[in-house]
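Here's the structure we're looking at; comments come further down.
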Amino acid sequence: MKPATGAQLWSLRNVLREEPEATFEKLAKAGYTVAEPAGFNISDLTIQGFKPEELKSLANDQGLQMVSAHFQFSTEDALTACDCAASIGIKYIIRSFFSNEIEQNSEAYKRAAEALNQMGATAKSFGLQLAYHNHAHEFELVNGVLLFDILLAHTDPELVVFQPDLGWLGYAGHDPVQLFEKYPGRFPLWHLRDIDAETRKTTAVGRGTIDFKSAIANRELAGLEYAIVEMASDVVDPLGEILSSHKIIECWF
């Protein structure tokens, strides 16, 4: 089955703030059908500076659906975050990296996995599915153990799925297909982000070093539903890069 293609809105936060209607219109005209926001502010319940219902309306007006969103929250904040996420009708609530919150060792990652299970249970109670988004640091080997493997092995598949960032995977020197084979069906959302060979920074999909075709050939094994293009914050023209990326990924799926 062909996955829906989407754009990560955090990449576009500056242009979206300046020209919200025009930005969504350009994404829709390029062929995207999904928009994924990030930047949840728990103090005022906004996402990227917008009220959730306003952001959803802007997307829907151009035929774009919001099926997932990045919400940074803790087990203590889970009720508030999930209530907000459920109010805009998304399917996946995504928790990205723990970063400096935990140490780079096995026991810390086991505790992180248990926290994800707890967050996932709360998400389920709101009709949501929790997903975890990786960066590069989860792919550090500690005493021969891959830290990301701990998160996968110690989370309940019913409560926690994963959104692999293929750019960070490649940057860390890991093959996503090996993960798909070991944990089939647990990767329903992907971030497509390419890495320039010389600068090691983000570039338009298809222009860098990431072997997307190998991953895409195994998309059914992974359980892929949504392929979402992301650009890093330091990309000069993130909207232009995201728009041009769609032409490439449409040829692959």
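Counting only residues at least eight positions apart within a chain, or on another chain, the lysines with an alpha carbon under 30 Å from that of Lys110 are Lys91, Lys124, Lys182. Loop-resident trypsin sites (Lys or Arg not before Pro) (DSSP state other than H, G, I, E or B) in segment 176-253 with no more than 11 further Cβ atoms inside 10 Å of their Cβ: Arg200.
Computed from backbone phi with θ = phi - 60° and the Karplus coefficients 6.51, -1.76 and 1.60, the 3J(HN,Hα) list for segment 63-80 is x, 9, 9, 9, 9, 8, 7, 8, 10, 7, 8, 10, 4, 5, 9, 4, 4, 5 Hz; x is used for glycine and proline. Under the rule that an exposed site lies in a DSSP loop and has at most 11 other Cβ atoms within 10 Å, name the longest stretch of the chain with no GluC sites (Glu not before Pro) of that kind, not counting the sites themselves. It runs 77-157. Computed from the C-beta positions of Lys247 and Glu107 and an R0 of 45 Å, the FRET efficiency is 0.45 to the nearest 0.05. Selection among Pro157, Ala35, Gly63 by position relative to the dipole of the chain gives Gly63 as farthest towards the positive end (Cβ unit charges, Cα centre). Dividing the Cα radius of gyration of the chain by its Kirkwood radius returns 0.94 for Rg/Rh. Dipole of segment 207-253 computed with +1 at Lys/Arg Cβ and -1 at Asp/Glu Cβ about the Cα centre; of Leu221, Leu243, Ala232, farthest Cα towards the positive end is Leu221. Using C-alpha pairs under 8 Å with a sequence gap of at least 6, the mean separation divided by the residue count of the chain gives a relative contact order of 19 percent.
Note on Arg17 and His137: with the Förster distance fixed at 30 Å, the Cβ-Cβ geometry gives a FRET efficiency of about 0.55. Distant-in-sequence amide contacts of Asp165, defined by a placed amide H-H separation under 5 Å and a gap of 5 or more residues or a different chain, comprise Asn134, His191.
Read the figures in this text as sums done on the coordinates, not as results from a lab. On a predicted model such as this, the values are computed, not experimentally measured, just so you know. Note: ideal-geometry Cβ built from the backbone for every residue, glycine included; neighbour counts use all protein chains shown.
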